[in-house]
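The values are calculated or read from the model by the stated rules, or taken from the named source; none is laboratory data. Everything quoted here is computed from the prediction, not taken from an experiment. Glycine gets a Cβ as well: all are built from the backbone with ideal geometry, and neighbour counts include every protein chain shown.
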Amino acid sequence: MKLSRRVFFGTVAAAALASAAAAQDKGTIYYMVPTLLDEFQTTSVDAIEKFMGDVGYDVVTLNADNKTDIQQSQMSDTILLDPDAIVIAPVDFNALVPAIDEARAAGIPVMIFDRQITDTMIDLTSVAGTIEIGHVAAAEIKRLLTEKNGSVTGTILQVLGDPGDPYTLDIQQGFEERMEGDDVTIITQPAMQWEASNAGSIVADELLATPDIDLIFVHAAHLAVAAVASLEAAGKAPGDVLLVSSNGAPVGLDLIRQGWEQVEVEQPLFAQAAALAMFADKVVNGEEIEPGTYDVLGLQSELTIEEWGPNIKIPGAAITADNVDEPRFWGNLQAPDDPITPVE
Amino acid sequence: MTPARRRTIEFLLDNLVWLMLITVLVIFSLTIPRYFQFGIFANILEQSTYVGVMAIGLAMVIISGNLDLSVESTAALSAMVTGLLFASSGIGLGIDLGPAIVMIPVSMLIAVAVGTLIGFINGFFTVKIGMSAFIVTLASFIWVRGLVVAISGGRSAQSLAPEIRMIGIERLFGIPLLAWISVLCFVIFAFIMAKTPFGRYITLVGGNEAATFRAGIPSGRILWMSFVLAGALAGLAGWLLAIRTSGATANLGVGMLFNAFAAVVIGGVSLKGGIGKLPGVYAGVLLIYSIHTAINLMRLPAHWTQVILGLLVLAAVLLDTLKLRLRERLL
């Protein structure tokens, strides 16, 4: 694991050095990351810098500390710097719309990473589909419950992230719409501010209030760690209570290896970032993007032209004990070796 | 008013927060299914641990007439250092020092030392340089959290060494060891505050710093020490938090400052300084986590949880204010 991380960062550093000259050729792209308190977002910085470097762009990253007003200010400041493009993972899905419109009016193309905005025109959106993550989780949970109880029955504790974050609410929506009609009881609790000990407390309380919980579904891997700590403190062994998580962070993969967690629904971070790099030239040059199916790091991804512009949706994957070590999962922190090739 | 009646009223007002706690526990036990069970009360004690230990230091600083906004970030830094050194997954280095008898004290001392250093820095700028404690500790709240992100790279350290994790798993008389540690901290520091010259000086300095200085009490040193102790206790809280969550994430402990402040105020500590007792603070912490647990068990719609918690805290503080008015009128 540690070796893999070193390899990853070594690769990133080498790629950054190798692409430095090329990067100066094509220009600068600003990446607005919502926070650095989250492993997915932290790794997204490495991935976007690496892949954009592959296709010749220098990347400057600005962290909004999960504050919408800061991200709005960063947008305003960046517009004045006249970059070649802006990539945003918005803190708030809709609050950034005026700033995006302002940037596009100033001739700066805007790409969206991971968090979808549908209320205004975007030059390119690359998402896994948070609702679809809920769908994948539901399918896996149905499988696990059937294996355990003989049919899709039982009690599920669903631990959300912060209830003010649309990301977690979308996953909840996707999950619950696919579970509708099944003979399951879903108990839903929010872990305020995505803070791990809050999730741990919820699990500890619910194990007493509802001793027959069959499965716990948490919306982020770092919350799963706290859930496991509570299970352990309650005298449970791996597998006594099934555990499913989402986002595919390294800690979630470790829990699968330890036997505590059965499924991690991955957000395909590397592919989401790579898709932006593949189309970066077209976005920067204002060229038309053709709809169709594209191979993004081996994942067949559908690009459609939506009301809000070109939208590429990368399929999420279910990580289990059988495939947990595959390098394609970002949680294994092994960046793809081959450089990204721009779409002609 | 007869002396006996006066004593009764004083006793009731001094311990109103405990009465509030008992009332709340009775109401929740009667109205919320499965609330009334030993395990839930043990959970409340355990969940109160981190904010409780943090609140002891915060209360001491507030009683001394200052503020410390940095305790949450300090706890997060100590937790991250503990995770970084002694966790084996993620960014953890997995340092193995041998048996639990070595791992536990060494990891705890490192976490407490981290907190002590932050407290020392806060005290230096506040007492020696004469800067506002609010500004100094607000700055620490920001830069210390930034340091957590910087040393972790935003990543997490998980799978804390089993020798240390034992503290988070084992129980004594059915109550988690973590809870016993916080109870022990409250007993020790309540004794220090009530029975030692240092404790009394903290209260005196908070009541009137100039007068205590003129009386020959080293008020500067007392204030500085209160910051150092607050940092050390925040460090201890961080160590306990890392044990509870088997490691640390960059956002660990976010939001705990609000709960610590609420507990201190509900517990009867005056934000103006000079007034407050630590047993009341412990009751305040228990009250808050009784409410948290009730909200968990009531399974309220996610969006309403924060609203209800805020309103309940407001109601508790309102009761405390009424208590002060009543005291002024009757006594």
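Before moving on, here are some points about what is shown:
- Candidates in region A:39-63 are the residues that are of a type in the set (A, V, I, L, M, F, W, C) and over 20 Å from A:I340 (Cα atoms); of these, the one that is surrounded by the most Cβ atoms within 10 Å (Cβ to Cβ) is A:F40.
- For A:E290, the conditions (1) under 23 Å from A:P339 (Cβ atoms); (2) within 12 Å of chain B (Cβ to nearest Cβ) are fulfilled apart from (2).
- Within region A:280-308, restricting attention to residues that are within 22 Å of A:F40 (Cα to Cα) and outside any strand (DSSP E or B), the residue that is modelled with the highest pLDDT is A:A280.
- Test: residue in region A:198-218 that is among the β-branched types (V, I, T), more than 30 Å from B:M166 (Cα to Cα) and in a strand (DSSP E or B): no
- Scanning region A:170-185 for residues that are within 12 Å of chain B (Cβ to nearest Cβ) and surrounded by 17 or more Cβ atoms within 10 Å (Cβ to Cβ) yields one hit, A:Q172.
- Residue that is nearest to B:I169 (Cα to Cα), among those in region B:2-36 that are within 14 Å of chain A (Cβ to nearest Cβ) and within 25 Å of the chain's Cα centre (by Cα): B:Y35
- The set of residues in region B:88-138 being within 30 Å of B:I169 (Cβ to Cβ), in a loop (DSSP other than H, G, I, E, B) and of a type in the set (A, V, I, L, M) consists of B:I91, B:L93, B:I95, B:L97.
- Pick from region A:291-322, criterion surrounded by fewer than 12 Cβ atoms within 10 Å (Cβ to Cβ) and acidic (D, E), ranking: nearest to A:V136 (Cα to Cα): A:D322
- Flag: A:A229 matches the condition of being of a type outside the set (S, T, Y), surrounded by 24 or more Cβ atoms within 10 Å (Cβ to Cβ) and within 27 Å of B:E46 (Cα to Cα).
- Flag for B:L252 being more than 14 Å from chain A (Cβ to nearest Cβ), surrounded by 24 or more Cβ atoms within 10 Å (Cβ to Cβ) and modelled with pLDDT of 90 or more: no
- Residue match in region B:156-170 (condition: away from chain A (no Cβ under 13 Å) and either farther than 30 Å from B:I95 by Cβ or hydroxyl-bearing (S, T, Y) (or both)): no
- As a summary of the residue check, A:W194 satisfies the conditions (1) touching a strand residue (DSSP E or B) at 6+ places or on another chain (Cβ under 8 Å); (2) closer than 30 Å to A:A95 by Cα except for the one numbered (1).
- Residues that are in contact with a His (Cβ under 7 Å, 6 or more places away or on another chain) and assigned to a helix (DSSP H, G or I) within region A:157-181 comprise A:T168, A:I171, A:G174, A:R178, listed in sequence order.
- For region B:56-87, the candidate set comprises residues that are assigned to a loop (DSSP other than H, G, I, E, B) and not aliphatic (A, V, I, L, M); within that set, the residue that is surrounded by the most Cβ atoms within 10 Å (Cβ to Cβ) is B:D68.
- Scope region B:82-123; condition small (G, A, S) and more than 14 Å from chain A (Cβ to nearest Cβ); matching residues: B:G98, B:A100, B:S107, B:A111, B:A113, B:G115, B:G119, B:G123
- Any hit, region A:109-116, residues being surrounded by fewer than 20 Cβ atoms within 10 Å (Cβ to Cβ) and either aromatic (F, W, Y) or more than 30 Å from B:A75 (Cα to Cα) (or both): no
- Selected residue [closer than 25 Å to A:N285 by Cβ, crowded, with 23+ Cβ neighbours inside 10 Å and modelled with pLDDT under 95] from A:L81, A:L96, A:L36: A:L96
- Any hit, region A:235-244, residues being touching a strand residue (DSSP E or B) at 6+ places or on another chain (Cβ under 7 Å), surrounded by 19 or more Cβ atoms within 10 Å (Cβ to Cβ) and closer than 25 Å to A:L333 by Cα: yes
- Residue in region A:256-275 that is touching a Pro at 6+ places or on another chain (Cβ under 9 Å) and either assigned to a strand (DSSP E or B) or among the charged types (D, E, K, R) (or both) present: yes
- With respect to (1) over 23 Å from B:F141 (Cα atoms); (2) over 17 Å from the mean Cα position of the chain (by Cα); (3) within 14 Å of another protein chain (Cβ to nearest Cβ), the lone exception for B:S290 is condition (2).
- Residue in region B:174-181 that is over 21 Å from the mean Cα position of the chain (by Cα) and either closer than 21 Å to B:L109 by Cβ or modelled with pLDDT under 95 (or both) present: yes
- Residues of region B:124-150 classified as surrounded by fewer than 17 Cβ atoms within 10 Å (Cβ to Cβ) and within 12 Å of another protein chain (Cβ to nearest Cβ), total: 3
- Test: residue in region B:190-213 that is within 14 Å of the chain's Cα centre (by Cα) and in a helix (DSSP H, G or I): yes
- Top-ranked residue in region B:237-246 [being farther than 17 Å from B:F141 by Cβ and out of contact with any Gly (no Cβ under 7 Å at 6 or more places or on another chain); ranked as nearest to the other protein chains (Cβ to nearest Cβ)]: B:S246
- Taken over region A:256-266, the criterion of being at pLDDT below 95 and buried (at least 24 other Cβ atoms within 10 Å of the Cβ) is satisfied by A:E266 alone.
Here is a yes/no grid of residues against (1) in contact with a helix residue (DSSP H, G or I) (Cβ under 6 Å, 6 or more places away or on another chain); (2) of a type in the set (D, E, K, R):
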residue: A:L144; (1), (2): no, no
residue: A:D170; (1), (2): yes, yes
residue: A:I186; (1), (2): no, no
residue: A:A191; (1), (2): yes, no
residue: A:W194; (1), (2): no, no
residue: A:L207; (1), (2): no, no
residue: A:I216; (1), (2): yes, no
residue: A:L242; (1), (2): yes, no
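- Residue selected from region A:186-205 under the condition more than 7 Å from every other protein chain (Cβ to nearest Cβ) and crowded, with 24+ Cβ neighbours inside 10 Å, by the criterion farthest from B:T245 (Cα to Cα): A:A191
- Whether a residue is surrounded by fewer than 18 Cβ atoms within 10 Å (Cβ to Cβ), touching a strand residue (DSSP E or B) at 6+ places or on another chain (Cβ under 8 Å), assigned by TED's automatic domain parsing to the domain that holds A:A85 and more than 26 Å from A:S197 (Cα to Cα) was assessed, and A:T153 does not pass this test.
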